[in-house]
Every structure is written in structure tokens, then in C-alpha cells.
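K.L.:
Here's a structure for you.
A short reminder: the numbers here are calculations on the coordinates, not readings from a lab. Quantities reported herein were computed from a predicted structural model and do not represent experimental measurements. Using ideal geometry, Cβ is built from the backbone for each residue, glycine included, and neighbour counts are taken over all protein chains shown.
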Amino acid sequence: MTPALDPDPSPADRLRAAPQTTAALAVDRLRAYYMTHYFGVEREVRAVDDISLAVRRNEIYGLAGESSSGKTTFLKTVAAAVRPPLTVVGGSVRYGFLDRDIYALSRAELSAIRWRRLSYITQGSMNVLNPVRRVRQSFVDFAFRHMGLGRRAFFAAVEAHLARLHLAPNVLDAYPHELSGGMKQRVTIALATICRPEFIIADEPTTALDVVVQKDVLAMIRNAQREIGSSMLFVTHDMTVHANIADRLGVMYAGRLVEEASTAEMFAKPLHPYTAHLVASLPKIGDPTRKESLSGAPPNLADPPTGCRFHLRCPLAMDVCRAALPALTTTAPGRRVACYAASPLVTPSAAGGAKSLGAIQ
Amino acid sequence: MSGPLLEVERVTKSFAIGGLFGRGHFNAVDDISFTLQADRPEILAIIGESGSGKTTLARMILNTLQPTGGAIRFRGEAIDDVRGRRRRLDFIRQIQPILQNPYEAFNPLKRVDRYLYASAVRLAGARSQSARDEAVDAALQKVGLSLAEVKGRFPHELSGGQLQRTAIARALISSPALIVADEPVSMVDASLRMSIVNLFKRLHDELKVSILYITHDLATAYYISDRVIIMQKGKIVETGPAREVLTHPQHPYSILLKESVLSPDDVGRGRLTTAADDGATRQGAD
């Protein structure tokens with residue numbers, strides 16, 4: 001095992017090992033396609049298409065976009081939880097706590113960092129709790145091996161952690177069906193943060209919780225993240241949630257990142273027409289004006305349109321949008337956008353959307 | 001047709017809780033009354049957090065659960081009198097449900113169109129294949145889809161928004177007078193949410209369907225409903241015209257609900273505090 005995979009660094013060691021300047025996560029030109037080959041028909045679905053982004057230390061990076069825009073696939077790819085037919089075609093994923101690409105790790109090395117240094121709150125994660133065992137057993141299953149403590153010390157640590165998150169220790173003796181949805185979600189957040197991971201990936205953790213519980217759970221996630229000092233990639237389609245939790249925000253459309261900015265700037269002045277629509281269509285109490293929904297459907301990623309992926313639904317579409325895919329371009333410090341109408345700096349992407357079939361096996 | 005479409009009168013549902021010893025009762029729905037008029041279709045929102053009895057109420061209106069007390073009448077007829085296949089089908093034709101999670105509403109191993117055809121045959125009386133196709137396609141057109149897009153597809157091949165619209169189309173096949181929509185948008189993502197909500201508004205405006213819109217999302221309830229009922233622990237705590245109640249809630253519970261709504265106007269200002277943890281305030285990224 002390499003020094004970078006030291007299973008139990010103290011927080012101070014972590015700071016020394018990875019200075020503030022390095023990003024907690026740097027994704028460079030990541031491409032991941034679903035490749036299927038049935039009866040001689042090859043099909044590739046470009047769910048993650050040329051995404052580059054960096055998550056700073058101690059930051060919550062929000063990723064927005066509608067369903068089928070590739071958000072979850074992106075998270076799976078970043079977490080190296082890739083299974084066929086999903087295939088990583090190109091690009092790199094580097095974490096601040098690792099000295100090399102996550103895809104360069106062996107299975108054993110990956111399993112050593114999972115949960116310990118990189119945890120993943122999956123979609124519908126309330127269902128990760130074993131329905132026929134008490135919650136206590138779920139903690140043992142997920143974290144016991146990684147904590148490297150004796151049984152008694154382990155449960156003491158678990159209870160201390162629950163107390164920090166304002167959860168009563170008796171949830172450990174409950175069966176999942178005895179807990180409400182919000183409570184289960186809180187338990188899974190406790191599960192995901194028990195090992196004090198440096199990086200947390202959260203996929204729609206509050207979807208389908210009701211308003212009162214949602215606010216509490218979001219506050220709990222933010223407090224846990226601040227307390228541990230970890231960085232977080234937070235995915236949800238709900239822009240109001242992003243407005244309240246994310247420090248910076250990236251918007252995905254049809255497998256590509258189309259805009260990135262700090263959350264405040266994104267809401268104050270969205271540059272991409274898709275983002276502008278997302279922000280403008282949010283219903284608010286006290287605002288009875290009609291909110292238009294976007295016409296059309298997101299493109300089929302197996303056969304994306306030429307040019308900008310959004311041009312078929314875009315009110316500002318020009319000839320150039322139909323011809324060439326715009327590159328995600330930095331237009332101001334901390335702001336990136338991929339839209340010709342938003343800034344004259346935006347130029348066609350070098351990748352150009354050429355089919356990669358045949359080039360790779 | 002005049003007179004009330006749906007009358008819910010002092011309806012109570014209690015469930016027994018506890019084991020052999022200390023058996024108790026828990027009122028999931030407690031003494032609820034409201035009326036929907038037949039000549040004036042409206043969108044009535046029932047708002048409350050989980051556990052407030054919204055779904056129990058919906059299931060009683062759909063006649064899949066018997067109330068413990070009180071009466072529910074549909075077009076003047078008590079719904080627990082609906083017996084026999086013909087009357088039951090007739091009842092189902094007029095009240096149609098839309099469920100919360102479109103992924104769970106459809107069997108993942110069966111093609112989606114199977115449900116549409118079954119509804120067309122059983123509820124719309126379409127006999128021939130062409131009549132079935134026509135009934136299904138007409139309903140799908142109303143929700144902005146077409147039979148060609150849906151035919152032969154499995155649930156996993158459609159997006160969440162498409163599935164939910166297919167579920168709505170299925171409900172529309174029998175031209176119902178009342179749609180009971182139980183949290184229809186909570187599993188659908190935000191950009192599609194407005195298309196579903198706008199669709200409900202259009203169904204109400206154009207097809208004159210009454211809609212019982214059960215939700216915990218105050219913002220969309222404000223946006224589409226004419227009237228709201230706010231429920232807490234099985235009881236109605238506040239009711240009235242939607243805009244008025246949601247702008248100036250009176251009951252403490254309604255005020256709490258309104259304050260819990262996250263607003264996009266709070267960007268970076270951070271009102272995210274838990275009840276247990278008031279001291280936490282948002283700090284900047286650096």
C-alpha cells in the first residue's frame with residue numbers, strides 16, 4: 001500500500017499532505033459512455049461527455065440538471081463505481097487525497113479508500129439499510145472494517161458521532177421500518193460521515209422528503225460537512241435546494257456541463273439559456289405569474305443532435321448553434337459557460353461531437 | 001349536472017396500534033369534511049407533511065380503504081355502497097388516481113402500453129385494436145406524448161417525466177370527473193415539475209376535470225390550486241382560497257410549513273438551521 005493510502009491519517013496530517021491550493025477533486029475531460037453490443041448492433045450512450053471541473057477543499061459543489069442529463073452517471077464515474085455497459089472512455093479523476101488517478105488503483109486499494117476517505121450517499125439511499133437487521137448492524141457492515149477499532153470502542157465512536165448529529169443513540173436498536181423516511185435519511189448521512197471521509201458524494205439525498213424534514217436534513221448535511229471539513233459533490237435537480245446549500249454550482253445538460261458559477265452569481269445572472277430557464281421557472285409563494293415549462297424533451301444521448309445539445313429547445317438558437325458544439329469557456333473569473341449567445345469568447349469545442357465509435361473498442 | 005361531485009363528511013380513519021397489551025388507536029384522519037362542486041371544477045390542494053393523513057384520505061376517496069366513521073359521497077351516492085363489477089367499474093371510470101412515484105406505479109417487467117390498453121378496454125370500452133389505439137393515442141396526445149413514443153417500451157426506457165405523463169394519460173383514458181393525484185411531482189425533477197403542474201392546470205381549464213392535488217410542496221400548490229386544505233396529524237388546521245391562505249397563513253402549523261419552504265431568493269444567505277441546532281450559521285466557502 002502506498003503512503004497516500006494510509007488508512008488513518010489525523011486531520012492535521014491530511015492538511016499537511018494536501019495543501020489548500022490543490023483541489024479536493026479535479027476531473028479532467030472525463031468521458032463515460034454506456035456501450036452496448038446486442039445482436040451486432042452497437043450503441044453508445046454518451047452520458048458523460050467531456051466534463052472538466054474542480055471541487056475546492058471544504059466546498060459544497062452543487063450539480064444540477066434534469067433527469068437523464070447524466071448527473072448520476074457522472075457521480076458513478078467519479079466514485080469509480082463503474083460497471084459495464086458503462087465504460088470510461090477518456091479523461092482523469094484525481095482526488096486531493098490520492099497521488100494518482102482513481103482509475104489507476106487496484107481493487108484492494110479502491111476498497112481501502114471507499115467509505116474511509118470517499119463516501120457516497122446514493123439515490124434512494126434510505127434503502128441501503130438492511131431491512132431485516134437493526135440499524136446497529138448496518139453501521140457494523142459499512143464502517144466497522146474501516147474504523148479499525150474494537151467492538152466496544154467502535155460503538156462508542158458511533159454513539160458519539162450520532163450525538164454530534166443530534167440523533168438519539170436508540171436509533172441503533174431500531175429496525176429500518178420503525179423509522180420515518182426523514183429519520184432513515186439522517187441515519188444514512190450519519191453512516192456516510194462516520195469515518196470522517198475527505199470527500200462525500202451525495203446523489204439526491206433529500207428528494208421525496210417533505211418540506212419540514214428536507215430543511216432539517218439539508219442543515220444536517222451542511223453541518224456534518226463543515227464539522228468534518230470534507231468536500232462535497234452534491235447532486236439534485238431541485239434548484240431551490242442548490243440555492244440553499246451549494247457554494248458553487250454546475251449545470252449539466254445532455255451529458256455536458258453547460259455552465260458553472262458561484263451559486264449567488266448563477267441565480268443573479270444566469271448566462272446559459274437553459275440555466276436561465278431553470279432559475280426563472282421556479283414557483284414561489286407570492287408569485288402567481290405563469291411559469292413556462294420548456295417544450296420538447298432532452299435529446300437522446302445515443303444519437304445527440306449536431307451542434308449545441310440544447311439548440312432544439314433553445315429560444316436563442318442561431319446558425320452556429322446548429323453547426324458546432326460550443327466549448328465550456330471561462331468568461332469571467334470563476335464563471336464558465338458553453339453558449340455562443342452568452343459571450344463572444346465562446347468558441348466551438350475541439351471535440352466537435354464526432355462519433356467515437358470505431359476509434360475505441 | 002349540478003349538486004356536489006364529491007362530499008367528504010366528518011370522515012375519520014383510525015388504525016389500531018400496539019401489540020396484545022396496551023392496544024391503542026391512532027386517528028390517521030380525524031373528522032375531515034369538504035365538498036367539491038360538480039358544476040365548478042376546481043383544483044383543491046391538500047397540504048401536509050408526511051404522516052399527516054393525506055394519503056389515507058386519498059385512499060378512502062378512491063374507495064380502497066374504508067373509513068371508520070363519517071361518509072364519502074360521490075355524485076350523491078355513498079361510495080361504500082358501490083358494489084358489484086359494473087358499478088365498481090363505473091365508479092373507477094369517474095375517479096382516477098395518479099400515484100407519487102411513476103417508477104413504482106408501473107411494473108418494471110411489463111411494457112408500459114399494456115396498462116394503457118387495459119384501461120382502454122376495461123374503462124373506455126374499446127373493443128377493436130384500432131379503437132384501443134385511438135383511445136390510448138388520444139389520451140397520450142393530451143399530455144404531450146404519442147403512442148409511437150410509448151408503444152412497446154418498458155418503464156426503464158422512459159424518463160421520469162415521460163412515465164408520470166404516461167400515468168396521467170392512463171388516468172385520462174376513461175374521461176374521469178375527478179383525478180386524485182397523490183404527490184404527483186415529488187419524484188419528478190424540477191424542470192419537468194412545471195410541465196406536469198402546467199398540465200394539471202390545462203386539464204382543469206380545458207377538460208373541466210376536478211383535481212385533488214395532494215402535496216407537500218407549497219410553492220406549486222400556490223401556483224395551481226384554487227383552494228387549499230392544510231392538514232396536521234389528521235385534522236384540518238386551515239382551509240380557504242389558495243393564494244390567501246398561503247400568503248397569510250393564520251394557524252401556527254401553516255406558518256411553520258411556510259417558513260420551512262426553501263426559497264431561491266435565499267441564495268447564500270443561508271437560513272438552513274435545524275430545530276435542534278440553532279447556532280449553526282452559514283460560513284463562506286473561504
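K.L.:
For chain B, what mean projected area does the convex hull of the alpha carbons give, in nm²? All intermediate terms of the calculation are to be shown ahead of the outcome.
P.N.:
Working: hull surface 78.0 nm².
If you wrap the Cα atoms of chain B in a convex hull and average its projections, you get 19.5 nm².
K.L.:
Moving to a separate point now. Label points 7 Å out from Cα along the Cβ direction at residue B:202 and residue B:153: separation in nm?
P.N.:
So the two model labels end up 1.7 nm from each other.
K.L.:
Now for a different question. Taking only pairs that are 8 or more places apart or on different chains, how many Lys pairs in chain A have Cα atoms under 30 angstrom apart?
P.N.:
For chain A, qualifying lysine pairs total 16.
K.L.:
Calculate how steeply helix B:129-142 sits against the longest principal axis of the alpha-carbon atoms of chain B, using the helix alpha-carbon long axis, and give the answer as 0 to 90 degrees to the nearest 10.
P.N.:
Relative to chain B, helix B:129-142 is tipped by roughly 30 degrees.
K.L.:
List the residues, sorted by chain then number, that are 5 or more residues from residue B:5 or on another chain and whose placed amide H is less than 5 Å from its amide H.
P.N.:
B:36, B:37, B:38
K.L.:
Continuing with this model, one more query. As a footprinting exposure proxy, order A:257, B:145 by other Cβ within 10 Å, with the fewest listed first.
P.N.:
Details: A:257 26, B:145 20.
Arranged by neighbour count, lowest to highest, A:257, B:145 become B:145, A:257.
K.L.:
Sort B:111, A:31 so that the residue with the fewest other Cβ atoms within 10 Å of its own Cβ comes first and the one with the most comes last.
P.N.:
Values: B:111 17, A:31 20.
Final ranking by Cβ density, sparse to dense: B:111, A:31.
K.L.:
Same structure, new question: If I model a spin label as a point 7 Å beyond the Cα along the Cα-Cβ vector, how far apart are those points for residue B:107 and residue B:25 in nm?
P.N.:
Taking the two extended label points, one gets 3.8 nm.
K.L.:
Indicate, rounded to the nearest 5 percent, the antiparallel portion of the DSSP beta bridges found entirely in the protein assembly as shown. Don't skip to the answer; put the middle values down first.
P.N.:
Details: 55 of 92 bridges.
Antiparallel bridges make up about 60 percent of those DSSP assigns within the protein assembly as shown.
K.L.:
Here's something else I'd like to know. With r as the distance between the Cβ atoms of residue A:347 and residue A:22 and R0 = 25 Å, compute the FRET efficiency 1/(1 + (r/R0)^6) and round to 0.05. Before the final figure, lay out the partial values.
P.N.:
Details: r = 29 Å, r/R0 = 1.16.
Efficiency for this residue pair is about 0.30.
K.L.:
Now, a different point. Report the one residue of A:132, A:149, A:171 whose Cα lies farthest in the direction of the positive end of the charge dipole of region A:129-194 (charges on C-beta: Lys and Arg +1, Asp and Glu -1; origin at the Cα centre).
P.N.:
A:149
K.L.:
Let me ask you something else. Quick one: putting +1 on the C-beta of Lys and Arg, -1 on the C-beta of Asp and Glu, what dipole do you get for the protein assembly as shown around its Cα centre, in Debye to the nearest 20?
P.N.:
Values: 79 positive and 65 negative charges, 243 e Å.
My answer is approximately 1160 debye.
K.L.:
Still on this structure: Let me test this: with uniform point scatterers at the alpha carbons of region B:50-195, what is the Debye-based log₁₀ I(q)/I(0) at q = 0.09, 0.15, 0.16, 0.19 1/Å?
P.N.:
These q points yield log10 I(q)/I(0) values of -0.30, -0.81, -0.91, -1.19.
K.L.:
Please list, in order along region B:223-233, the HN-Hα scalar couplings obtained from phi with the Karplus expression 6.51 cos²θ - 1.76 cosθ + 1.60 (θ = phi - 60°), rounded to whole Hz, x for Gly and Pro.
P.N.:
Values, residue by residue: 5, 10, 8, 8, 9, 10, 10, 9, 10, 9, 6 Hz.
K.L.:
Write down the percent of antiparallel bridges among all DSSP beta bridges whose residues are both part of chain B, to the nearest 5. Could the numbers behind the result be given before it?
P.N.:
Numbers: 24 of 42 bridges.
For chain B, the DSSP antiparallel bridge percentage is about 55.
K.L.:
Determine the shape class of chain A: with a ≥ b ≥ c the square roots of the Cα gyration tensor eigenvalues, call it rounded for a/c under 1.5, and otherwise prolate if a/b is greater than b/c, oblate otherwise. Before the final figure, lay out each step's value.
P.N.:
Numbers: a/c = 1.81, a/b = 1.47, b/c = 1.24.
Prolate.
K.L.:
Something else: Running a GNM on chain A with Cα contacts under 10 Å, which residue among A:122, A:289, A:275 ends up with the highest mean-square fluctuation?
P.N.:
Per the Cα network of chain A with a 10 Å cutoff, A:289 tops the list.
K.L.:
Kindly put B:153, A:83 in sequence by how many other C-beta atoms sit within 10 Å of each C-beta, fewest to most. Walk me through the intermediate numbers first.
P.N.:
On the way: B:153 15, A:83 7.
Least to most surrounded, the residues fall as A:83, B:153.
K.L.:
Under 29 Å between C-alpha atoms is the cut-off here; go through chain B and count lysine pairs that meet it, provided they're at least eight residues apart or on different chains.
P.N.:
So the count of such lysine pairs works out to 23.
K.L.:
In Å and from the alpha-carbon atoms only, list the Rg and Dmax of the protein assembly as shown.
P.N.:
For the protein assembly as shown, the Cα radius of gyration and maximum Cα-Cα distance read 25.8, 79 Å.
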